[in-house]
């Protein structure tokens, strides 16, 4: 089938995927704005340190030289610089209570060379751990939207009793009270409650020291439960205690549950949010269900009661002792079997007819006219739209998807004269896309200028003026804050611009992959045909009219050796000019219809492409991916359909979107099954 | 014919009665008939085999197996597959004698060579092997034809069925077979160790059957010593997997198999027992095994009730086995087991169940628990377990008797409150009859129990034992080829000959024979332990008032004691010295004469030498003896 079905996944579907990476993308965004300053600071700091180090270590030979030259005072001063400073450092370290930690905290204020290196090293290890944590959490709980419901990553320094001390990035808990009576018990909760979308949640606690009596409790509690208690003693609090191995289910008296635990043991706590139960593990062995009917929004909690007790938490920072993935696999299989076995109603014919209808409407929506026609014929259905209209839409979509935006806009204006006039935001979006395609070298205007055979690197004349001037001019008229950032960046980094202009030709391997996503339903139904339609359509655009005859493969091969605007200088000029037009259009739009943050961001991102020597490989390079044409294409398609009073989205896409919405709603209302029923799993 | 018989058992029986089988076989073997015809014949035969057990019997009676095996020599793959399918169906039936596969030595190598032909040959041949490997000899035959190397690659076959059958093959091959197990651990499949492949097959999203069989393979490899019990793939994977198999969600068959395999896995290892005892509430989970058929199932549907009834025995015996295994070493686990709801009642009723398997398992469980002093004193007495146990001992097969008598040994220990009632129920006769059994294990248990009984017992009991056993039987036991029996018999004698009045009484009636026996053993070729025990008996005899004379008048015996006092083994020296010390003890009648006599025989010199001995015990003992002379 056509390889662009991905595009019709509605906004929610897309959102879902991008949101899971949101934390990343926001970081990169910030980077684009600040990177110049930060990089400069970093480089200058590095140079400074090197210089200082050089001076510092050269003081010894210099001092000796001076001594030989009979300059005694300066010589003695120079020679003694190294030993004296070393002595100072050693004394300082001896005074410090726990060396490394303190140093790490005092951080950059220390100007000394080794200390700097220690700090840098510590940060590296830290970020390494952070990376591992993020990676593990993402793979364990892919369904969790961390924007909405963050995962616990450490103990909360705010949500704890005063007898609790935290250290080691708030992962280590130690007791600092007197520990005389049960009244001295103290607990700490994690920073966030366990999101229901985890499906199955797991954390481990390692007993570093059992202290005096080993009265340690590991468990869960709701927000607001008294922290002057061990987990399990109060309502909405659950715990497993080390001294007697009993489980405490919101009660002061425990039930015999498992073995006792003590120094060196690793206790795990697994919350199953599907059936709302909890079990513990000891050194990797499951101890069986401890609690049932758990409420939602529980926090991982530990409680200590006697001096010397120290425990370390593992929220995913390190591999778990217990094989939690295996347990999750079991539940994933269970949930998926449940979905597969879901009864579809008694009258099966009805079910089939509905699916056929959905498929037909989907095909029409995306103007796969030949397939739609054949499908409708074989399933006895009527097509609600004229064939010509479908073909027109197909033509436009094809242009958009092959990156020939200029032609696409033109054709749209011809076929639907009033559409773009009325909908200036849409026009703006199309134009921005056109700009991006120009950078990509795929837009029709640029293509005819640049031709298909890119020039070699050496033959390309670097001319900074040509490129710089329009942008500078634009900058003078810029009023948007974001745009000034962008310009500032160019000012800050003349070296980059230079590099960018002299080395236009980029050596970056890797083809833009054409994504081919299919719905199973579609594939299945299409299989019924044997008249060859489905075969021919499998290549994508062969279906229907072929007047434009765009050869995608050729296009791809052109892209494989990627150069800005296809490598042609004239094309670059045209692109710059187009950018200026776009800028003025944006200003015009703003004046007319007020600020529009979406437009602003779109323009900013598009322009940011020019800031990189290799736009395809830059943080904003994703825009150049042909997959980004799909949302543009579907928006345009929907707009055209709307003018014909046809639904904006096909029912199939609606259903998929609805399923995704249902899942996120399930996550919000606390039913954990949503973790193992991702819509994507069913869209192959 | 093919279409007529498919799915119709009646038609199949009809055809067989009408004599279709010989005709089909004739056509099948006729090399002149076309391949299609021969294939169709094999297919029809396969269909017939799919019917009842009677069908299979008549097929086997018509010598279908050699005919089909002959057919495998043909080169046509489709025909071979049809033959194999039929063979498979015949061989997996319990009524087919598996030996038929091994009668012709060329069959196995030929099957091995066919193995890689197609997906179907892989599946059928591995399935045949898995079902026809029942004895160690079969294992060896298959092993020698490099079954492992041939089947190992099938474990990563894309077909689930092939993988499953290959896995089953390995489980039967590795069962109690060190040679196979040792080879298995070193086999690499696609660059990966076999144990890792098995671990992957135990993942929770795999079919239950696959998980269970993979766990079995690893269990057998572990028990054969190929994998250490503290290996992660046992502790963290196999054990939890088997515990999962015991959970309520699994089918009854799976629960039985899971529990039995788990019991087998952890039998020798206390650490595994400890881990299992706290994994997933195993101990209380097993209590559910006794709840079949449940009261609910009886009402709701007959089919379920039937199913439950069929498996109830199996479930119970599996649970007992697992409890026995769990509680065989650790006192805390035993406590946990006896505290499980109605546990003792269940064992008691299990002891008198009709199924031998259940009875045996229940006794095993009881035996395991009887190793606990605390339980013997409390729950065993409260539930009067001795009653059903005694009943069980009256007439039971040997294997049950071994377990039951060995449990009885523990129950007859001196501190057991059950000892008295058991004595009253005429256990002595029973134990004496056990000592006459052909099985050495039963003889040991019988005499062992008597030994325990005689320990610090009343005169009445001792006399009763001697009477019931009879000296003749006692001597027969003393010449028993089994050292264990001999040791326990000596132990019995020693226990009988304790406290002075008892010694004198017994020696006055059986003194002559006992002295004879002692002489015999001391002269014979026996281990140090046996001789030590015998010398201890002598020492006990020497403690008697009148019994002393039996030794004093026997110069030969005194020479022997002298010899052992100078023996290189300290234990024997000690026992012999003890004996002398008893003989020369002051404050007794005639001690002076004895001292003189022994002095004349040169014992004093030896004692003197022994006071210089390096062993402090021996030194002390010799000094005490010397003091008797000085006083």
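Please treat every number below as a calculation from the coordinates, not as lab data. Please read all numbers here as calculations on a predicted model, not as lab measurements. Positions of Cβ are generated from backbone atoms using ideal geometry, with glycine treated the same way; all protein chains shown enter the neighbour counts.
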Prolate/oblate/rounded call for segment A:208-301, Cα gyration tensor, a/c under 1.5 rounded: oblate
Within segment B:244-259: backbone nitrogen closer than 11 Å to the residue B:307 label point (7 Å, Cα to C-beta): B:251-253
Angle between chain B longest axis and helix B:500-523 axis [Cα atoms, degrees, rounded to 10]: 60
Neighbour-count ranking [beta-carbon atoms within 10 angstrom, fewest first] of A:341, B:500: A:341, B:500
Whole-Å distance, taken between Cα centres, linking segment A:307-356 and segment B:211-278: 26
Cα-based helix-to-principal-axis angle, B:570-583 vs chain B, degrees rounded to 10: 40
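Let a ≥ b ≥ c be the square roots of the eigenvalues of the Cα gyration tensor of segment B:510-630; is it rounded (a/c under 1.5), or, if not, prolate (a/b larger than b/c) or oblate?
oblate
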Peptide B:235-241, shielding by other chains (average Cβ, 10 Å cutoff): 3
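For a quick check: sort A:332, A:189 by the number of other beta carbons within 10 angstrom, fewest at the front.
On the way: A:332 20, A:189 25.
The most exposed by this proxy come first: A:332, A:189.
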For segment A:145-322, convex hull of alpha carbons as volume per residue, Å³: 100
B:27, B:408 arranged by Cβ crowding within 10 Å, fewest neighbours leading: B:27, B:408
On Cα atoms only, tilt of B:35-49 relative to the major axis of chain B in degrees: 50
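Using only the alpha carbons of chain B, what is the convex hull's orientation-averaged projected area in square nanometres?
Over every viewing direction, the Cα hull of chain B projects on average to 36.1 nm².
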Within segment A:285-315: backbone nitrogen closer than 18 Å to the residue B:248 label point (7 Å, Cα to C-beta): A:287-294
Protection proxy ranking of B:539-550, A:140-151 - average other beta-carbon atoms within 10 Å, highest first: B:539-550, A:140-151
Shielding of B:123-129 by partner chains, average beta-carbon count, 10 Å: 0
Order by protection proxy (mean Cβ within 10 Å, highest first), peptides B:41-53, A:613-625: B:41-53, A:613-625
Where labels lie 7 Å past Cα in the beta-carbon direction, separation of residue A:62 and residue A:128 in nm: 3.6
Distance in nm between pseudo-label sites at residue A:596 and residue A:386 (7 Å out along the Cβ direction from Cα): 3.0
Test item: A:362-375 mean partner chain Cβ contacts at 10 Å: 0
